[in-house]
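The structure's right below; bear with me while I get my questions together.
Nothing in this text is a laboratory measurement; each read-out follows from the coordinates by a stated rule. Note that the structure is predicted; figures quoted are calculated from it, not measured. Please note: Cβ atoms are built from the backbone with ideal geometry, for glycine as well, and neighbour counts cover all protein chains shown.
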Amino acid sequence: MPLTNPWLAGPSPKAQLPRGRLEERILNLLSSQNMCVLATTGDDGPLATPVRYYPLDFAVMFTAAPRSPKLRNIGADPRVSVGVFAPLVTLASSRGAQLFGEARVLPPDHPARERYWSAFRWESEHAERGRPMAEPPRDTLVVIEPTRIVYTEHWLRRDGFAARQFWRRPLPEAPADRALDTQ
């Protein structure tokens, strides 16, 4: 039987993409999808919740009811994992990302909320619920700024790169030590 994607046969490449190319692919995935699975843990064990999200750079955000199981779990342990994936047709089209980080819960009056809220596309959901567009929602916003991402795309094998790629948020630069600058 002929192989439709012969580059999938044989040993898997190990090479990692240059950081800029990897970031471009991650941002493309996050921007082209709108559903994810949020994984939290709580007293009853793990909870995997499908949620509609909106991206801002590498961050994903969504609204949630303050008393929902996912927010109860985040309140107890803010460490989360988020799975984002493109529809799968064949192994060659397999593409997704696992984001790892801590969820921040931003109530309506939180000062950091505006930075994220400006990228949140609330209008369609608001209209779907029959709410007036002149009154933007004041829902609780949950933001996840990942510290690391595992990106998977089998098509990368065609170009000699590993299907699984690893991204880490750069550490913030420490301020220069002024005591050493006394000459």
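Can you report the number of residues in the range 60-91 which are polar (S, T, N, Q), closer than 21 Å to Thr152 by Cα and either in contact with a helix residue (DSSP H, G or I) (Cβ under 8 Å, 6 or more places away or on another chain) or in contact (Cβ under 8 Å) with a residue 60 or more places away in the chain (or both)?
1
Can you confirm whether Ala103 is in a strand (DSSP E or B), closer than 30 Å to Ser12 by Cα and in contact with a strand residue (DSSP E or B) (Cβ under 8 Å, 6 or more places away or on another chain)?
The answer is no for Ala103.
I'd like the full set of residues that are under 21 Å from the mean Cα position of the chain (by Cα) and either of a type in the set (D, E, K, R) or assigned to a loop (DSSP other than H, G, I, E, B) (or both), limited to the range 106-132.
Pro107, Ala112, Arg113, Glu114, Arg115, Ser118, Ala119, Phe120, Arg121, Trp122, Glu125
For Leu88, work out the one condition from (1) in a strand (DSSP E or B); (2) under 21 Å from Leu27 (Cα atoms); (3) aliphatic (A, V, I, L, M) it doesn't fulfil.
Among (1) in a strand (DSSP E or B); (2) under 21 Å from Leu27 (Cα atoms); (3) aliphatic (A, V, I, L, M), Leu88 violates only (1).
While we're looking at this one, here's another question. Quick check: anything in the range 15-24 farther than 18 Å from Glu145 by Cα, in contact (Cβ under 8 Å) with a residue 60 or more places away in the chain and surrounded by 13 or more Cβ atoms within 10 Å (Cβ to Cβ)?
yes
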